[in-house]
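Read through the structure below, which is laid out as structure tokens, and then see the notes.
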């Protein structure tokens with residue numbers, strides 16, 4: 001390729017990476033806002049719930065956590081592993097400041113550990129199997145996030161199904177975009193960072 005085409009590809013990767021990074025950062029306050037303000041049922045002094053499957057409810061914030069896992073993968077694809085790790089650390093700090101006081105430790109640790117688990121699964125797979133890497137890393141991340149959060153916050157895994165299903169819906173809804181990105185990247189020569 002020529003220098004102008006290389007510069008255009010680098011600029012596109014940077015812009016897309018920065019957009020994904022901003023959206024990733026916004027999922028954290030959005031999750032905290034949703035959990036306290038939007039749902040079909042809002043428990044007094046508790047979370048607002050949404051149905052995620054027949055007979056299964058989950059806190060509404062789970063939608064943003066599922067999306068955050070996919071966005072973190074895109075940040076890494078566009079801006080590199082170092083930026084993805086920095087985003088995870090910044091996200092954990094943001095989570096610590098925004099989570100309700102009663103669940104700040106659970107929220108922060110769940111975010112940090114789930115994003116690191118996502119990173120560990122995504123990194124070795126992403127260069128050659130981007131769509132599979134996003135799907136598997138998101139699945140691992142949402143399982144870790146759900147189990148860690150529920151166990152630390154409530155000492156129980158009773159609501160694990162709702163947490164997992166709610167996050168999985170957002171990952172599933174994002175997969176067509178991930179598939180489109182992979183196809184477009186291949187066509188334009190946009191390789192992972």
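Out of (1) buried (at least 23 other Cβ atoms within 10 Å of the Cβ); (2) not in a helix (DSSP H, G or I), what's the single condition that is false for residue 51? It fails just one condition, (1).
With respect to residue 18, is the statement that it is surrounded by fewer than 16 Cβ atoms within 10 Å (Cβ to Cβ), over 18 Å from residue 171 (Cα atoms) and modelled with pLDDT of 95 or more true?
Working: surrounded by fewer than 16 Cβ atoms within 10 Å (Cβ to Cβ): yes; over 18 Å from residue 171 (Cα atoms): yes; modelled with pLDDT of 95 or more: yes.
In short, yes.
Residue check: residue 76 meets all listed conditions (1) touching a residue at least 12 places away in the same chain (Cβ under 8 Å); (2) in contact with a strand residue (DSSP E or B) (Cβ under 6 Å, 6 or more places away or on another chain); (3) under 23 Å from residue 175 (Cβ atoms) but one, namely (2).
The values are calculated or read from the model by the stated rules, or taken from the named source; none is laboratory data. All values derive from a computational prediction rather than experimental measurement. Neighbour counts are summed over all protein chains in view; Cβ atoms, including those assigned to glycine, are modelled from backbone coordinates with ideal geometry.
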